């Protein structure tokens, strides 16, 4: 037996995909189930967001500071972590006390990284500028370049290639000195 659904509980545009017949009943059932799941997830997210609180700067025993959102005793949401000596700053997303999502790292030597994080490491798409003046744009895995990317040497040479565990393993194309 198909559950009843009011027209307000499903997207009417999606019903146009399968008008009439048994297909419409199937689509309608799936759309109602999807809508209920979506509403349940929204409620869970809203409940969690209500628990996330902004707190002023916290000083750790090792001298680091954190200012941002918390969920219970964990850094969770947006925040900024600074090292004790000011030589490192992370600004971005935290999940369960770890760098997770979008963020930016800056070091006092001029190096920086902007991109995705997973489990406290650069992971996903990102752009890293090294203190040497070299740059890498592409995918990262476990903190190092891995997958397709572009290495820009400080002298202007550009290498498009495949990276594995931080090393360029195959050059796909190369642009000579652009400076």
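Data overview
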| read-out | value |
| --- | --- |
| Prolate/oblate/rounded label for region 85-179 (Cα gyration tensor, a/c 1.5) | oblate |
| Chain lengthening between residue 87 and residue 112 when straightened (0.36 nm per residue, less Cα-Cα) | 7.9 nm |
| Inter-label distance, nm, simple model (7 Å from Cα along the C-beta direction), residue 95/residue 132 | 3.3 nm |
| Net length gained if the chain between residue 64 and residue 169 were fully extended (0.36 nm per residue, minus Cα distance) | 34.1 nm |
| Tensor-based shape of region 111-154 (alpha-carbon gyration tensor, a/c under 1.5 rounded, otherwise prolate or oblate) | oblate |
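Laboratory data are not the source of any read-out in this text; all were calculated from the coordinates shown. All values reported here derive from a predicted model rather than from experimental measurement. Note that each Cβ is placed from the backbone with ideal geometry, even for glycine, and that neighbours are counted across all protein chains shown.
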